[in-house]
Each structure stands twice: as C-alpha cells, then as structure tokens.
1. If you take all C-alpha pairs in the stretch A:11-103, what percent of them are over 17 Å apart?
2. Say a label goes 7 Å from Cα toward Cβ at B:ASP11 in every copy; what distances in nm does this one have to the rest, shortest first?
3. If you wrap the stretch B:5-46's Cα atoms in a convex hull and average its projection over all directions, what's the area in nm²?
4. Under a plain spin-label model, where a point goes 7 Å from the Cα along Cα-to-Cβ, how far apart in nm are B:ARG91 and B:GLU79?
5. Any chance you could tell me what percent of the C-alpha pair distances in the protein assembly as shown go past 34 Å?
6. Kindly report, to the nearest 10 Å², the accessible surface of A:HIS83 as traced by a 1.4 Å probe over protein heavy atoms only.
7. Say each of A:ARG51 and B:GLN60 gets a label point 7 Å from the Cα, pointing the same way as Cα to Cβ; how far apart are those two points in nm?
8. Taking amide H positions as placed in the peptide plane 1.01 Å from N, state which residues far from B:MET80 in sequence (5 or more) or on other chains have amide H under 5 Å from it.
Protein chains: 2
Amino acid sequence: MRPLFHPAVEDLKPEAILYALSDPERVAIFAQIAGLGSSGTCTALANLGSRVIPKSSLSQHMKVLREAGLIRGERHGVEMRNHSRCQEVDRRFPGLIQAILSAYGRPPEQSNAG
Amino acid sequence: MRPLFHPAVEDLKPEAILYALSDPERVAIFAQIAGLGSSGTCTALANLGSRVIPKSSLSQHMKVLREAGLIRGERHGVEMRNHSRCQEVDRRFPGLIQAILSAYGRPPEQSNAG
DNA sequence: TTCCGTAGTTCAGAAATTCGGAACTGTTGA
DNA sequence: TCAACAGTTCCGAATTTCTGAACTACGGAA
C-alpha cells in the first residue's frame, strides 16, 4: 500500500477539481464528507445513492477526490477517515466549491470541518 | 449533417457543465467565445493555446460545450457562429460560470454577449 | 505467536471514451 | 460544373473507467 498523496494548496488544479466533481456519485460522496464535517469512512459512503458502489470503484472515487485536493484521508488503524479540504480549496479558488454544490442542489454547510 | 442540439435551460446538468470545463483546452475555447461576446468560428478558435487543435478534435470540443449548454452554435452559410449562453446558465446556476473561469484565472467579461 | 475479521487497495480484463487523420457533407463563388 | 472552404462524421488506436478477485494492513482473540 503506497502512501496517500495530497496536493499542496498551491498545486491545486481547477481541471482536476472540476473533473472530480463532474461525476454525481463523487459529488454525493464529497457532499457527504463536507456535510459531516468529521470523518467519513469508505464503508459509510458506499451506499449514499440509488446503488451500492462496489468497493474497488469507491476506492478509485476516493483517490480522484483526494488527488484533486478536495478531501484528506488519514488511516486510523484499519479504517480510513476522510474529511473535506473545503477551506483550503476555498482560499485558493474562492466560491468555487459553493457554486458547484449549489448547482447540484447541495447547499454546503457552514465551515463545520474539523 | 444532423441538426445541432441545444439543451433547454431547465435541462442543463451541472455534471455536463463541469465535465465540459474540466478540460483546459475547452475552457480556453469557451473563455474566448464568452470574452468575444460575439461569434467565434471554429477556425478562429483552433489555435488559442500552445498547439493547433486538429479540426476533428475541435469539432468534438464544440459539441461537448454545445451539449452542456455553454454555447450556442448557428450555421451561417459555410461557417458556424458560436456564442456563449452564460446568461442562461447563470440564471440556472448562479455564480457557477464566474467561479470556474476565475479559478482558471480567466475573469469573465461583463455581459457583452450579443 | 497465529489466526480471523474488517477496511480498503491493487490487479487485470472488459467496456467505454477520447483522439485525430481521412473521408465526407454542405455552402459559396467562379 | 467545379473548386475551395468550414465543419462533421467515420473509424482504428490509445487511453481511461469499471469492477470482481486477489491482496495488504491493521486490530483483537486465543
């Protein structure tokens, strides 16, 4: 298992963020993590929508979100805790996340990220 | 040559818009069309960046932008005139286009769409 | 220690998408 | 009718996405 990669704020790329959020399934995952404000484990995220996401697919989705800089993942024992990087992304690209979540009809919560 | 398809405002899908604008080449094309405010022909759009876009690829890019609802294309004789649908998109998804263009470092012009 | 269960990752092949040159369509003008 | 032009469509190659199966990593029990 290779270590998790997280881009620095200054390395965030708009194209990666838009691509990551151009998939409704990933948006649902991200919105859930951002809304929770605290850790979201993969298992808990697997059945948000109308189907159960296969875990290999889910793992890929998490990787896309992580490498776009939208979430941060930390291994805690056997599980992975994910939390959003909304604040960092927002500092770099003001208003972007909010506009996107609003467009999807998912108004973001106010800064409840731990 | 099949007729051009343009989604109605109420049929605009955020995922299609984000996908369309997750490619820097398409963003450059869209920003040019939106910035021009008037018609942009494919030929004029082919070499905005560091390379000349092959015309079959350009045609695909235009189709993606058009079917996402970001631009409107009209055939005028031998050429196609494209103009942005920023205002319509903005009515449906307020702030989205502006946030995206700003993230790409392409601050949008003020409503100069004809 | 060894074994087991859980959480998530990686592998690999099938399916889908993207890219771009070549051929094509449709229009204008000579 | 013919040629030139603007853009589209076709199609094969390359790339990407999807997901079941195999795997790694950790923690707890014996």
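1. Counting every Cα pair in the stretch A:11-103, those more than 17 Å apart make up 43 percent.
2. Distances to the matching label points in the other copies: 4.2 nm.
3. Averaged projected area of the stretch B:5-46's Cα convex hull equals 3.6 nm².
4. My value for the distance between the label points is 2.9 nm.
5. Tail fraction, whole percent: 20.
6. 60 Å²
7. 2.4 nm
8. Excluding prolines and chain starts, which carry no amide H, the hits are B:CYS42.
The values are calculated or read from the model by the stated rules, or taken from the named source; none is laboratory data. Keep in mind it's a predicted model, so treat the numbers as computed, not measured. Note: ideal-geometry Cβ built from the backbone for every residue, glycine included; neighbour counts use all protein chains shown. Accessible surface areas use protein heavy atoms only, side chains included; no ligands, DNA or RNA. Shrake-Rupley method; radii C 1.70, N 1.55, O 1.52, S 1.80 Å.
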